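J.: Below is a structure I'd like to ask you about.
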Amino acid sequence: MTLKTVLLAVGPGDAERTDELAETVIEVAKPAGTTVVLGHVFTRDEYDDVLDRLDFDPDHEAVDPNDVAGRHATIRDLASTLEEADVSYLVRGAVGEHGETIVNLAEDVDADRVIVGGRKRSPTGKAVFGSTAQEVLLSSPCPVTFVRAESE
């Protein structure tokens, strides 16, 4: 299977694991000359909060989720690391429920692989709080690599 596009799904909990995510995506993408899509998914509330923090004025300017994602610190850090490693990338932003929207984004960019971060959870924790990574693993249109945070 040829890897043309890898989606690195980034969410609000990934700021602490950018090193692990970057290392994994570079390990997968660089040897194959693959383009990495840095996809940041926001829930509606997260998106509204980020618009406020980043001084976007949705009443006076058209706001594109791709622009919002591109100005997010986690995406900027990952982009910088990919540039240093000479890995090509694109930035995509999306608004919706994390798991479903990551799967939709993977379909939209025709991803050959999705890389998603997460943390170790007990079975009870998954049942009570849900699991974005679990939804992506079960619903993705392509193989998924799960990157667990080294420490919590």
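The values are calculated or read from the model by the stated rules, or taken from the named source; none is laboratory data. Nothing here was measured: the structure is a model prediction, and the numbers come from that model. When we count neighbours, we look across all protein chains shown, and the Cβ atoms used for this are built from the backbone with ideal geometry, even at glycine. The accessibility values were calculated without ligands, DNA or RNA, using every heavy atom of the protein model including side chains. Shrake-Rupley method; radii C 1.70, N 1.55, O 1.52, S 1.80 Å.
J.: So how much accessible area does Ser139 have, in Å² to the nearest 10, using a 1.4 Å probe?
T.: Number for this one is 60 Å².
J.: Would you mind getting me the FRET efficiency between Arg53 and Ala149? Use the beta-carbon distance for r and R0 = 22 Å, nearest 0.05.
T.: Working: r = 24 Å, r/R0 = 1.08.
Calculated transfer efficiency: 0.40.
J.: Now a separate question. If each residue of separation counts as 0.36 nm, what is the full-extension length gain between Asp67 and Glu46 once their alpha-carbon separation is subtracted?
T.: Numbers: separation 21, 0.36 × 21 = 7.56 nm, distance 1.48 nm.
Going from the current span to full extension adds 6.1 nm.
J.: For the stretch 1-64 and the stretch 74-112, compute the distance between their C-alpha centroids and round to whole Å.
T.: Between the Cα centre of the stretch 1-64 and that of the stretch 74-112, the gap is 4 Å.
J.: OK, next. Of Thr24, Tyr89, Ala69, whose Cα points farthest to the positive end of the dipole of the chain (charges on the beta-carbon: +1 Lys, Arg; -1 Asp, Glu; origin at the Cα centre)?
T.: The listed residue farthest towards the positive side: Thr24.
J.: Which ³J(HN,Hα) values, rounded to whole Hz and listed in residue order, are derived for the stretch 90-96 from phi using the Karplus coefficients 6.51, -1.76 and 1.60 in 6.51 cos²θ - 1.76 cosθ + 1.60 with θ = phi - 60°, glycine and proline given as x?
T.: For the stretch 90-96, the Karplus curve yields 10, 10, 10, x, 8, 10, x Hz.
J.: Under the 0.36 nm per residue contour assumption, what length would be gained going from the current alpha-carbon distance of Ser80 and Ser139 to full extension?
T.: Numbers: separation 59, 0.36 × 59 = 21.24 nm, distance 3.00 nm.
Taking 0.36 nm per residue and subtracting the Cα distance, the gain is 18.2 nm.
J.: Given charges of +1 on the Cβ of Lys and Arg and -1 on the Cβ of Asp and Glu, with all other atoms neutral, how large is the dipole of the stretch 35-98 about its Cα centre, in debye to the nearest 20?
T.: Here the stretch 35-98 has a charge dipole of around 280 debye.
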